[in-house]
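Inspection log for the structure reproduced underneath, given as structure tokens.
The values are calculated or read from the model by the stated rules, or taken from the named source; none is laboratory data. Values in this document were obtained by computation on a predicted structure and should not be read as measured data. Methodologically, a virtual Cβ is constructed for each residue, glycine included, from the backbone with ideal geometry; neighbour enumeration extends over all protein chains shown. In case anyone asks, the SASA skips ligands and DNA or RNA and just uses the protein heavy atoms, side chains included. Shrake-Rupley method; radii C 1.70, N 1.55, O 1.52, S 1.80 Å.
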Amino acid sequence: MEEKGLFLRWLEIEKKRDSQIAGINRLNEACGTSYSKTWPGVMKSREYNMERIPLEVRRYMMRQVLPTLIDVQKKDIEKLIVSLT
């Protein structure tokens, strides 16, 4: 079984929190993007390749996902994200 990547983990968190559309809207507001509700389908067709995703969007997703995967203090999360990107 293939491990979920950043995009799918982020989407899963958003769906649990509220809804997929609300999650995409929050991301758009935070990052100045204009992804539509069909974006997850587009990402699936690209095999969830994050290469063309803007850096700030990846960092936004990491802010949501990393605390669910590892025990990291809030004050250290930004340093970790910057070092990963």
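Quick check, is N49 free of Cβ contacts under 8 Å to residues at least 24 places away in the same chain, surrounded by 13 or more Cβ atoms within 10 Å (Cβ to Cβ) and either under 14 Å from the mean Cα position of the chain (by Cα) or within 17 Å of E12 (Cα to Cα) (or both)? The answer is no for N49.
Within the stretch 16-46, the set of residues being open to solvent by 40 Å² or more (accessible area, probe 1.4 Å) and of a type in the set (S, T, N, Q) comprises S19, Q20, N25, S34, S36, T38, S45.
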